[in-house]
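First comes the structure, then the notes that go with it.
The values are calculated or read from the model by the stated rules, or taken from the named source; none is laboratory data. Only a predicted model underlies this, so the values are computations on that prediction, with no experimental measurement involved. As a convention, Cβ positions derive from the backbone with ideal geometry for all residues, glycine included, and neighbour counts pool all protein chains shown. Surface accessibility is based on the protein's heavy atoms, side chains included, excluding ligands, DNA and RNA. Shrake-Rupley method; radii C 1.70, N 1.55, O 1.52, S 1.80 Å.
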Amino acid sequence: MWHTKPVDSVLKELDVDYAKGLTEADASQRLIKYGVNKIHGKHVKSVFRVFFAHLIDWLIIILIVAAIITLFMGEYIDAAIIIAVIFINATLGTIQEIRATKAIEALQKLTFPLAIVRRDGNIVKVDATQLVIGDIILLEAGSHIPADLRLIETALLQIDESALTGESVPSKKDVKIEISDENIPLGDRSNCAYMSTMVTNGTGVGVVVATAMDAEIGKIAKLINDEKRTLTPLEARLQKLGKTLGLIAIGICLAIFFIGLIQGRNITEMFLTAVSLAVAAIPEGLAAIVAVVLSIGVTGMAKQQAIVKKLSAVETLGSVNIICTDKTGTLTQNKMTVLQYFTWDKQVIIDDENTKQVGEDVTLLSNALLLCSDATMNNDEAIGDPTEIALLVFSDRLGFNRTTIVNEHKRISEFPFDATRKLMSTLHEFNSEFHVYTKGAIVSLLAICKEILINGKVVPISNTHINHIREIAETMSNEALRTLGVAYKKVTGKVEHAEMEKDLVFIGMVGMLDPPRKEVKSVIERAFKAGITTIMITGDHKHTAFAIAKELSIADSMDQVYTGMEIDDQDVDHLLEHAAKYRVFARVSPEHKVNIVKSLKAAGNVVAMTGDGVNDAPSLNAADIGIAMGKGGTDIARGAADMILVDDNYVTIINAVERGRNIYNSIKKSILFLLTCNLGEVIAVFITIVAGCSAPLIATQLLWINLITDSLPALALGLDKGSPDVMERKPRSISESFFSGNAGWRVIVGGIIIGSVTIAAFWFGYFVHGYSVFNTDVPDVVLSYARSLAFMVLVIAQLFYALTLRSSTQSVFNKQFFKNKLLIISLAVGILLQILIFNIAFLRDAFHLQMPDVNGWIAISILGIFPLAVSEVLKVFLRFSISGKPKQ
């Protein structure tokens, strides 16, 4: 491990002269050996292959076969409709997949065009893709790190590694610090720099130790490459349903055909009937309806600031029972903020009230911190170290005019911060007086203070003072606040650096933190009520992470916190067995995050992972639902995610979960409706044929019925308004089928009733003409009339039955009846089309129909409404069983 080796050993092992760098010849040979410094991704499928993959599905294959058979039957319109459904579904899926995960492509864009390199003793700019192991790289503020480096020289060097480690504060780099632990987290490797991070302050020199896929960012790319895509719960259920329906359809087709042959019926007629019934048994509109419902759901979510890249992810959101969230920028504001300040007479937690009036000591505290800073901020545009930016905001909150203060206190000289002293000092001239201001770590600062400021008076500092100050600092630290002390003294003029930091007057200190987002706590509580557990996964230190988690009610004890080093110390099985009991995972690497997510999934959880950095991409990809931040997130995180939060608001996640639950419930209504209707058709035809009767419906009539019921009514149910109490229920199990609860019985009972009224209408058509339904030797006009009644009753029964499926317990006659206007319209359109078929002569002849008489219309009305009436009566009993009394 490069971070544990001395600089001399590293240079010797890499065979490079630090003063001259590599020769061009060496660089060329190494480029051939190691390859270009570029992130490589998976082989990208062509659009054709993606499109074709969406056709390799049981349900789709069966529909294709049905379309071919329908073509041979001469039903060109029906065949065209089926084919259109297939291609619409495949096209939607292709568009979503092409727009989907772009993680590796985003990683590839992180290679930077030029790097400052020492070669052949000269300083040159080189294309970053041409860097090789052993190259000497020069760094300065604003530089992007083009490869993984072992640092050789550092001067006040600070690097923003938040995208890689999750820490909001830039990492201070110092090659003098010796590291012996090979497994120390990336964020603590102060003698290394990593590809894709950026220098925020100071200068440095480093030697390239890893490029391309061997760099830490490359390892993340490998994790994304190696991640196998798994079916979402909805995709798995639809695939299973497709296979089941396919086998049922084949079985029905063969059974009807051979029964007809045994009974001596016409082979051609039985073939057409059997195939038509098989097509009827498959809800060919299901795939398109699901795609349309999901697409409309995605559009609605986009209006609520959540962009969903994969249609099926909308439904999966409804099953989520664990949300693993990154801390920085997701739960927190991703900006350091002064939360407390201390002067000898008081310790203050900052709010709007106690910033209005401040005393002399606090004024000096704020001014000293402001002047001993290199950060700038104009119109909310801040440049500099986040800690120093927080000090500027602190001054603003106290009501001071920063510009005036800085202009009145001219800076004469500066003693820059370094990691050894842990101090920074500046010298200023003000009204012909000279003041030194020094800020830094409390321990370092107290060691050079001789006096203390108390209520505007300077008094000698005592052990009592020092001990109390240390207690306050420890209290702040226990609350995960980063402490920063400040002192001052008056001098007669310009002094040397060493003299600046002697015999100072201690003023006070501030405690700062990257604070939680204000709205997050209530949302986490709302999620908990909905059966969703929030788990924090962060690169921050254990105590910092726990403090935030405790404040947000994620964790209430340190026993619920687990670190990356503890994960490494335990075997893999420990994480698999105990992952769900922890609420905070701190100081973790990208590999740890992936393992945590996989362990939670292995325990049967449906896991959503939020994040915004490069380090989050693999775990976003591994989760059931990856959620990236739209504002603060990196391209890599957005590319790896299934959903992007435009507003970076945690509230949006829970709103998306609520919509996901409602969308699944609506899709389930559509599926139950289609299956109930199709089962009714199958029962009507199968029973009559087995009983030796003529088929109650012919092929064209069956296909027309499917066209009427498998389109608008099913779609309208899929777009039904969600239940207002959906977030008061526990998440749906990932193994739950479409027929869980009493749904399967509703399909069976509904199918039997619809099939029965169809058979009854068919019988009535015979009866009014004085014939028995078992008599196959009847005039064509009688058979046509009976089929006309069965045809009309079946359509009316299915259309009205859609109303009762809006709720499994609530009556259709409540105040929500007209909420789904599309469903009401679809029923009206369906009935109107039926009336047109009967009243337009050429359509009536094409479908072999007879106009019903008065008795026929009465029978149609009674039998058509009967399934709805029975369902409503059953709901009354169900409401009694649930509550003991009827509810409307």
Could you list, in sequence order, the residues of region 480-533 that are among the aromatic types (Phe, Trp, Tyr) and within 29 Å of VAL606 (Cα to Cα)? PHE528
Would you be able to tell me the number of residues in region 344-360 that are open to solvent by less than 80 Å² (accessible area, probe 1.4 Å), modelled with pLDDT under 65 and acidic (Asp, Glu)? 0
For the subset of region 621-661 comprising residues that are acidic (Asp, Glu) and more than 11 Å from the chain's Cα centre (by Cα), which member is modelled with the highest pLDDT? GLU658
Filter pass, SER826 being among the polar types (S, T, N, Q), assigned to a helix (DSSP H, G or I) and under 21 Å from ILE752 (Cα atoms): no
From the list ALA699, ALA691, which one is out of contact with any Gly (no Cβ under 7 Å at 6 or more places or on another chain), farther than 14 Å from ILE307 by Cα, open to solvent by 10 Å² or more (accessible area, probe 1.4 Å) and modelled with pLDDT under 85? ALA699
Suppose we filter region 511-540 for residues that are within 30 Å of THR343 (Cβ to Cβ) and either among the polar types (S, T, N, Q) or in contact (Cβ under 8 Å) with a residue 60 or more places away in the chain (or both); how many remain? 8
Given the structure, is ILE184 aliphatic (A, V, I, L, M), open to solvent by less than 20 Å² (accessible area, probe 1.4 Å), in contact (Cβ under 8 Å) with a residue 40 or more places away in the chain and under 20 Å from VAL7 (Cα atoms)? no
A careful count of residues in region 422-445 that are open to solvent by less than 70 Å² (accessible area, probe 1.4 Å) and over 43 Å from the mean Cα position of the chain (by Cα) gives 13
Qualifying residues in region 470-490 (those that are modelled with pLDDT under 95 and among the β-branched types (Val, Ile, Thr)) - the one most open to solvent (accessible area, probe 1.4 Å): THR475
Across region 187-212, what is the total count of residues that are buried (at least 24 other Cβ atoms within 10 Å of the Cβ), modelled with pLDDT under 85 and in a strand (DSSP E or B)? 0
Considering only region 559-583, state which residues are closer than 18 Å to ALA608 by Cα and either assigned to a loop (DSSP other than H, G, I, E, B) or in contact with a Leu (Cβ under 7 Å, 6 or more places away or on another chain) (or both). ALA579, ALA580, TYR582, ARG583
Just wondering, is there one or more residues in region 669-692 that are in contact (Cβ under 8 Å) with a residue 40 or more places away in the chain and touching a Cys at 6+ places or on another chain (Cβ under 9 Å)? yes
Would region 77-94 turn up any residue that is modelled with pLDDT under 75, among the aliphatic types (A, V, I, L, M), open to solvent by 40 Å² or more (accessible area, probe 1.4 Å) and in contact with a Leu (Cβ under 8 Å, 6 or more places away or on another chain)? yes
Determine whether SER462 is of a type in the set (Gly, Ala, Ser) and farther than 27 Å from VAL169 by Cα. yes
Filter region 21-47 down to the residues that are at pLDDT 90 or above and assigned to a loop (DSSP other than H, G, I, E, B) and list them by number. GLY21, THR23
Of all the residues that make up region 725-774, how many are hydrophobic (A, V, I, L, M, F, W, C), open to solvent by 50 Å² or more (accessible area, probe 1.4 Å), over 18 Å from ASN855 (Cβ atoms) and not in a helix (DSSP H, G or I)? 3
Positions within region 537-558 being open to solvent by 10 Å² or more (accessible area, probe 1.4 Å), at pLDDT 85 or above, in a loop (DSSP other than H, G, I, E, B) and not hydroxyl-bearing (Ser, Thr, Tyr), in sequence order: ILE554, ASP556
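Here is a yes/no grid of residues against (1) at pLDDT 85 or above; (2) among the hydrophobic types (A, V, I, L, M, F, W, C); (3) in contact with a Ser or Thr (Cβ under 9 Å, 6 or more places away or on another chain); (4) open to solvent by less than 70 Å² (accessible area, probe 1.4 Å):
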{"residue": "ASN334", "(1), (2), (3), (4)": "no, no, yes, no"}
{"residue": "THR363", "(1), (2), (3), (4)": "yes, no, no, yes"}
{"residue": "VAL393", "(1), (2), (3), (4)": "yes, yes, yes, yes"}
{"residue": "ILE405", "(1), (2), (3), (4)": "yes, yes, yes, yes"}
{"residue": "THR420", "(1), (2), (3), (4)": "no, no, no, no"}
Restricting region 592-608 to residues that are in a loop (DSSP other than H, G, I, E, B) and out of contact with any helix residue (DSSP H, G or I) (no Cβ under 6 Å at 6 or more places or on another chain), which is least open to solvent (accessible area, probe 1.4 Å)? VAL606
I'd like to know if region 620-631 contains one or more residues that are part of a helix (DSSP H, G or I), among the charged types (D, E, K, R) and surrounded by 22 or more Cβ atoms within 10 Å (Cβ to Cβ). no
Among what's in region 241-266 and is modelled with pLDDT under 75 and open to solvent by 20 Å² or more (accessible area, probe 1.4 Å), pick the residue that is nearest to ILE689 (Cα to Cα). ASN266
